[in-house]
Amino acid sequence: MEIEKYRTIEATLDLANDYVPPIRLNTGDMNGRILKFNVTDGGNDVDDLDGLTARLTWNRDPTDPASAGGWANMTANTNTDNPTGVRQVSFTTPVPRALLQEAGDRTVVGVDIEDADGNTIASRSIPVLMEAGRLNPKAAEIADPLKDLHDALDRAQTLVDTASLTLGTVTTLVPSKKATGSMTGTGWQRKLNLSIPRGSKISQLTATALDTETPTVSTSSDSNGDMIVALGLPRGKQGPQGEPGPKGDPGDASNVPIASASEAGLVKPGSDFGVFSDGTLYLRDQSRLYSRRGYNDDRFEVGTTIVYRGMGIYYNPVVVFSPNVNYSSKTIQGPIEMAVLPDKYQFTQYDPE
C-alpha cells in the first residue's frame, strides 16, 4: 500500500498490562491512519495465531456516562520482519472515522484479544492525544465558491484534454458466441478490446428427390451457429420416347459381363455346348441333339438343338434349316415335308411347379 509506513502508528504489546505511550491522532484524518499492535508472549515468539482474533475498542471520554464508545474488527497476521527477529502476531485496522470527531486529551483506545475458547483479554487503556484539524469546514472564510468553480473547471478541462479511447484488439467469433468487450488502461486513457461474432453462413447443403410436386426447404444450425440447409426437389416428369437411332457398333465382347442365372450377359460354348461352323447351336450330348446332314434327296440340312431342365422334359428347341449342297434336283417344289425330330421325341407342356 502507498506510504504504508508513513501512515502506520505501531506499538508492541508483550503483556496485557504493558504501558504504551500515548498515540497522537488528528481530527483531519480521513481513513488516513492505521493502528498496528504487535503482540508477543512475555518476550517469546508466538508460533501462530491459533484462533486468536482482536478488535480495537475506543471511547472519546470514558468519564462521560453518555459516551458509549465503539469498536472495529482488526486484521491478524504473523511475521518476523522486526529488529529482534521474534515472531510477532500483528493486529491492524484503519482509525475509525467516528473516533476523530472531537479534539481533546480524554480519548482512549485498547485491544481486546479473543482466543479460540471465547476468552477475551483486554489490554490496558492507551491514551490518545486528539489534535484539532487545521481546516474547519464550518468556518465561512474557508469557502471561496468562485475559486472552487474555477478549480473544478480546470480539473475538468485537464481530464477532457488527456482523455483517450482507442481501439485495441478485435477478435472474430463463431455465430453461436456472444459479442463481448473489455477495457484496459487507467484513468481517462483507455483501450477498448472487442470480440464480435461473424455472420452466419451455409456450412452444409443437401438435396433429396421427392415424388411430390411441392419442393421443401428446412434449416438447422451446427455447433458453430452456421446454417444446415436440406432441400427436397420434385422429380422431373417422364419425357416422350425418342425415335430409335441407328444401331451402334456391337463393340468389344470382352467388356460384356458373363451371363448368370439371374443376369443377362455373354454366353460362351462349354463342355456340353458347342457351335457348328455355320453358327448352329448344339449340345454335344446325343440325347439332346438331332441333326440330318448329307442326304442327297433332302432339300435342306436340319440341325435341331433341344435344351432341357430335367431328364425326359424337353423345351426350347432350336431348329436350323440350311440348303443341302448335295441335293440332286435343280428345282424345289412344295409343299415340303421334312422330319425335324424322330418319333421318339415328343413335346409336352412344361409346368415348372
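Here are the numbers:
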| read-out | value |
| --- | --- |
| Search result, residues across the range 25-66 that are assigned to a loop (DSSP other than H, G, I, E, B), within 20 Å of Glu4 (Cβ to Cβ) and in contact with a strand residue (DSSP E or B) (Cβ under 7 Å, 6 or more places away or on another chain) | Asn31, Arg33 |
| Filter result for Leu194 (in a helix (DSSP H, G or I) and of a type outside the set (Ser, Thr, Tyr)) | no |
| Single match in Ala163, Ala103, Ala143, Ala116 (criterion: in the same structural domain as Pro62 (by TED's automatic domain parsing) and either over 30 Å from Asp41 (Cα atoms) or at pLDDT 85 or above (or both)) | Ala103 |
| Tally, over the range 169-185, of residues that are of a type in the set (D, E, K, R) and over 22 Å from the mean Cα position of the chain (by Cα) | 0 |
| Output for the range 1-24, where each listed residue is loosely packed, with under 11 Cβ neighbours inside 10 Å, assigned to a loop (DSSP other than H, G, I, E, B) and either modelled with pLDDT under 85 or in contact with a Ser or Thr (Cβ under 6 Å, 6 or more places away or on another chain) (or both) | Met1, Glu2, Ile3 |
| Sole exception among (1) in the same structural domain as Ala72 (by TED's automatic domain parsing); (2) surrounded by 10 or more Cβ atoms within 10 Å (Cβ to Cβ); (3) in a loop (DSSP other than H, G, I, E, B) for Ile121, by number | (3) |
| Residue count, the range 157-212 (criterion: without any contact (Cβ under 8 Å) to a residue 40 or more places away in the chain, closer than 30 Å to Ile228 by Cβ and among the aliphatic types (A, V, I, L, M)) | 10 |
| Residue count, the range 61-79 (criterion: surrounded by 13 or more Cβ atoms within 10 Å (Cβ to Cβ) and closer than 13 Å to Val108 by Cα) | 6 |
| Test: residue in the range 47-55 that is modelled with pLDDT of 90 or more and at positive phi | no |
| Subset of the range 217-229 (residues that are exposed (fewer than 14 other Cβ atoms within 10 Å of the Cβ) and not in a loop (DSSP other than H, G, I, E, B)) | Val217, Ser218, Thr219, Ser220, Ser221 |
| Any hit, the range 141-162, residues being among the hydroxyl-bearing types (Ser, Thr, Tyr), in contact with a strand residue (DSSP E or B) (Cβ under 6 Å, 6 or more places away or on another chain), farther than 30 Å from Asn26 by Cα and not in a loop (DSSP other than H, G, I, E, B) | no |
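Here is a yes/no grid of residues against (1) among the hydroxyl-bearing types (Ser, Thr, Tyr); (2) loosely packed, with under 13 Cβ neighbours inside 10 Å; (3) more than 30 Å from Asp161 (Cβ to Cβ); (4) at pLDDT 90 or above:
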| residue | (1), (2), (3), (4) |
| --- | --- |
| Ala179 | no, yes, yes, yes |
| Met183 | no, yes, no, no |
| Gln189 | no, yes, no, no |
| Ser195 | yes, no, yes, yes |
| Ser203 | yes, no, yes, no |
| Thr206 | yes, yes, yes, no |
| Thr212 | yes, yes, yes, no |
| Pro215 | no, yes, yes, no |
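The values are calculated or read from the model by the stated rules, or taken from the named source; none is laboratory data. If you're wondering where the values come from, they're calculated on a predicted model, not measured in any experiment. Reconstructed Cβ throughout: ideal geometry from the backbone, glycine too, with neighbour counts over all protein chains shown.
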